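Below: the structure, in structure tokens.
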Amino acid sequence: MSWPTVLWSMDAAACLTLATIHLAIGLRRRAAANLLFSAMAVAAAGMAALELVLMRSPEADVHAAAVRWAQAVFFVLMVCLIFFVRTYLRAGRPWLAWTIIVVRGITLVVNFFSEPNLNYSAITGTRPIRFLGETIYLTEGVFSGRTRFAQLSSLLLLIFLLDATRTVWRRGDRRRAVVVGGSTMFFVFAAAVHTALVMQGGVQSPYLISVAYLGVVAAMAYELTFDVIRSSELAKRLQVSDAALRESEQRMALAAEAADVGFWHYDVDQNRIWMSDRVRVARGYRDGESVDFGRFLEAVHPEDRALVRATVDEALRKGGDFEREYRVIRPNGELRWIAARGRVESDPRSGGVRLRGISFDVTPRKLAQLEVERQRSELTHLSRVTMLGELSGSLAHELNQPLTAILSNAQAAQRFLAQGDGHLGEVREILGDIVEQDKHAGEVIRRLRVLLKKGEVDRQPMPLSDVVRDALELMRSDLVNRGVTVTTDLPPDLPPAIGDRVQIQQVVLNLVANACDAMEGLERRERRLEVRTEANGPSSLRVSIADRGPGLTPEESERVFEPFFTTKAHGMGLGLAVCRTIVTAHGGELRASSNQEGGATFHFTVPLAAGGPA
Amino acid sequence: MKTSVERVFLVDDDPAVLKALARLLRSSGLEAVTFGSPQEFLERVAGTETGCVVLDLAMPGLDGLALQEAMASRGMELPTLFLTGHGDIPQSVRAMKKGAVDFLTKPVDDAVFLRTVREALARGRAGRADREESTRVRERLAALTPREREVLAGVVAGRLNKQIAGDLGIAEKTVKVHRGRVMEKMEAGSVAELVRLADRAGLRRS
């Protein structure tokens, strides 16, 4: 069995196999490390072939040529190794690398211009020895000092490798430092030392450079293969998680579709809004159209745009969660109510701010809600109109008084004028009075019109005492006719309450009318009514209307507020129910209680305008 | 204040109306006094004044009808005229029964108002004249002796001198003398006038 032939052939075959594999990988993945490795493995195979030629040839000429060509192969090996370290390990000093390449390059040039080659000044012959059961031939000749250059470059290569390994180790990639850096250094060192010894005749052995470099190739192949395995594992894992992601996305989309929820996020810095497809389609954005905030606002109902903008601004200022309901107009003109909820986030990558959230169509709920509000306002209005109908006599009288004064004044003026110019001063005075009385009549009509108006609820800060006084003013004639004496305590310096003036007046009118009804059976001088406004704790005001009527039983105190409950012969029993609805909608309370000295008191609270007492 | 000028007393709780009506009265040469409430009127007016009262029906406290009653109970004889924003029939009937001159609705036309006020003033004057005559008759009546009064009663009852003489148990001639004195004291020109005067004095009963 000729072992060297077998072993060196196997060495070359192994190197070529690995080279082929990594050439394929390198080309496929466009990976420089694999290509460099492939080239190096080819060079290592070449080195094995040259060593085999040397071992098996007794001819001195063949030895001279083989050693010369070995220099070229070794140059390729070295260059590939250096670039491999640079690209794969991303380590090693570039200047050192170039120094090595230049030194080695010079030795290569020298090699080809010197006879017989770099290492020998003369090759005298060959010497047969027994090696692993086979006769092989060693080179016999005069060793050249030029070899020192080659050895210098090998030394530099070792330093380069040591430095690169240290860098990799420090980087924390210790496995690579040991497997690639450590083993490479070991084999490069072993090859250099062994070669030097063989050349100087200290050791009777063939060259083992290819064997040593097989170790380098094996270490690198191990590492590269490990990478291939790892990347394929990663790919598999990615596939799995990709599938899971897709699954979760599908689930999400299904849930979103079922719940009719849309997703969106708004990159504030780039002014770009992403939204899920359904929303895009619903808002009428074209495919691939990029939507900025302005474009988004275009779909929003013009009356709601300022509100939406303010909500976004506030969210950006305060951060955290936000919520807003707004109307959008679909491309077909349809109006939809949308509720959006979101959160302010900062993008960890860009550091920019974004809003992310969901939106859903709340049109049916909103329409139902609006319908309820409309019906409530209808009922409130109806009850107000009914009550004003009952008060019509009183209201007519309120108007009749100024009209009477106006007519009599005007006729008096006519008479004065008919008597000549002597009364012009008087006539002037009369005209002034007429103007004033006309204004007074106009004021009565204005109050009346406000109460009859079917308007939206308009909550504003208001002076509660004035509002109560206005209501009493409207009822003045009625109170006089019914012989009711009113005592008021309406301090003008209370802080403003928040509410709808008309509705609060409606409550007062209702309660006063009820109080008068309750005192119908009393002697005229007993029909006394007390109306007062006062502070009720730190956040609301209270209006109290106390009568001297028969009062209420404890059970009645609550039941009077039930719809259709009435103690009167006429009347629907809706007045107090409506009053309570109004007061409750204002965030107040309406209650009834009995007075110690007889009669009942109705009181209700109205919240103070925001900020409370100044 | 017997011969004082006639004045119109206006009572209304609305100062604007009060002022306007006073002007209207003044423009037609009438003197007006204004009161913002029935109480004020009762405090300031004694009942001896001459003129008439214009009352608003609906006022806080005492209303017009109550004031009318209060005036009657104090023996105030001023003719009363009601003004109302929305007079209803029961109220007007009640007022008229108590002797109101009229019941006018606001706003009131000047012609109607002034005519009615003048009517009230005229009625006041008539009443005053009437009352003055009654007083005079009562004074004359008081001047009669008891016997003369008995004879007067007989004459008014339509009895003959002879019958009266029989009733009283005196001579017919004496009756004639008394009768002549009665005619003289009562300043009556005829028996018919004497009967009228006796009527005014409320003498003819039964």
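Odds and ends about this structure:
- Matching entry among A:GLY599, A:GLY587 (being in contact with a Pro (Cβ under 6 Å, 6 or more places away or on another chain) and modelled with pLDDT of 85 or more): A:GLY587
- The set of residues in segment A:136-163 that are in contact with a Pro (Cβ under 6 Å, 6 or more places away or on another chain) and within 19 Å of A:PHE75 (Cα to Cα) is empty.
- Criterion applied to A:ILE406, A:ILE445 was being at pLDDT below 90 and β-branched (Val, Ile, Thr), and the one residue passing it is A:ILE445.
- Those residues of segment A:372-395 which are within 12 Å of chain B (Cβ to nearest Cβ) and exposed (fewer than 14 other Cβ atoms within 10 Å of the Cβ), in sequence order: A:SER392
- Scanning segment B:5-22 for residues that are out of contact with any Ser or Thr (no Cβ under 6 Å at 6 or more places or on another chain), more than 8 Å from every other protein chain (Cβ to nearest Cβ) and in contact (Cβ under 8 Å) with a residue 40 or more places away in the chain yields B:VAL5, B:ARG7, B:VAL8, B:PHE9, B:VAL11, B:ASP12.
- Residue under evaluation A:MET1, criteria (1) open to solvent by 20 Å² or more (accessible area, probe 1.4 Å); (2) at pLDDT below 90; (3) in a helix (DSSP H, G or I), criterion not met: (3)
- Residue within segment A:27-42 that is over 24 Å from A:ASP163 (Cβ atoms), charged (D, E, K, R) and open to solvent by less than 60 Å² (accessible area, probe 1.4 Å) present: no
- Any chance A:GLU257 is within 23 Å of A:PRO364 (Cβ to Cβ), of a type in the set (D, E, K, R) and not in a strand (DSSP E or B): yes
- Positions within segment B:23-38 being more than 8 Å from every other protein chain (Cβ to nearest Cβ) and open to solvent by less than 10 Å² (accessible area, probe 1.4 Å), in sequence order: B:LEU25, B:PHE35, B:PRO38
- Qualifying residue in segment A:476-493 (condition: away from chain B (no Cβ under 14 Å) and in a helix (DSSP H, G or I)): no
- Flag if B:VAL108 is of a type outside the set (S, T, N, Q) and away from chain A (no Cβ under 13 Å): no
- A single member of A:PHE360, A:PHE416 is open to solvent by less than 70 Å² (accessible area, probe 1.4 Å), among the aromatic types (Phe, Trp, Tyr) and away from chain B (no Cβ under 14 Å), and it is A:PHE360.
- Unmet criterion (only one of (1) modelled with pLDDT of 90 or more; (2) not assigned by TED's automatic domain parsing to the domain that holds B:THR116; (3) not acidic (Asp, Glu)) for B:LEU21: (2)
- Test: residue in segment A:496-516 that is open to solvent by 10 Å² or more (accessible area, probe 1.4 Å), in contact with a Cys (Cβ under 8 Å, 6 or more places away or on another chain) and more than 12 Å from chain B (Cβ to nearest Cβ): yes
- Some residue of segment A:255-262 being without any contact (Cβ under 8 Å) to a residue 12 or more places away in the chain, open to solvent by 70 Å² or more (accessible area, probe 1.4 Å), more than 21 Å from the chain's Cα centre (by Cα) and over 17 Å from A:LEU355 (Cα atoms): yes
- Among the residues of segment A:419-461, those identified as in contact (Cβ under 8 Å) with a residue 24 or more places away in the chain, open to solvent by 70 Å² or more (accessible area, probe 1.4 Å) and either touching a strand residue (DSSP E or B) at 6+ places or on another chain (Cβ under 8 Å) or not aliphatic (A, V, I, L, M) (or both) are A:ASP438, A:HIS440, A:LYS453, A:LYS454, A:GLU456, A:ASP458, A:ARG459, A:GLN460, A:PRO461.
- Residue match in segment A:91-98 (condition: over 12 Å from A:LEU157 (Cβ atoms), crowded, with 19+ Cβ neighbours inside 10 Å and not charged (D, E, K, R)): yes
- Just one of the numbered conditions (1) more than 11 Å from chain A (Cβ to nearest Cβ); (2) assigned to a loop (DSSP other than H, G, I, E, B); (3) in contact (Cβ under 8 Å) with a residue 40 or more places away in the chain is not true of B:VAL54: (2).
- Residue in segment A:102-112 that is under 20 Å from A:ASP11 (Cα atoms) and not in a strand (DSSP E or B) present: no
- Given (1) within 26 Å of A:LEU7 (Cα to Cα); (2) in a strand (DSSP E or B), index of the condition A:THR124 fails: (1)
- The set of residues from segment B:173-206 being of a type in the set (A, V, I, L, M, F, W, C) and either assigned to a helix (DSSP H, G or I) or open to solvent by 40 Å² or more (accessible area, probe 1.4 Å) (or both) comprises B:VAL175, B:VAL177, B:VAL182, B:MET183, B:VAL191, B:ALA192, B:LEU194, B:VAL195, B:LEU197, B:ALA198, B:LEU203.
- Candidate set: segment A:430-444, residues that are at the interface with chain B (Cβ under 9 Å from one of its Cβ atoms) and of a type in the set (Asp, Glu); chosen: the one farthest from B:GLU31 (Cα to Cα): A:GLU436
- Of all residues in segment A:173-196, those that are open to solvent by less than 20 Å² (accessible area, probe 1.4 Å) and modelled with pLDDT under 85 have Cβ atoms under 9 Å from Cβ atoms of residues that are part of a helix (DSSP H, G or I) and acidic (Asp, Glu), 6 or more apart or on another chain, in A:VAL180/A:GLU223.
The values are calculated or read from the model by the stated rules, or taken from the named source; none is laboratory data. Just so we're clear, the structure is a prediction, and the values are computed from it rather than from any experiment. Note: ideal-geometry Cβ built from the backbone for every residue, glycine included; neighbour counts use all protein chains shown. Areas reflect the complete protein model, heavy atoms only, side chains present, ligands, DNA and RNA absent. Shrake-Rupley method; radii C 1.70, N 1.55, O 1.52, S 1.80 Å.
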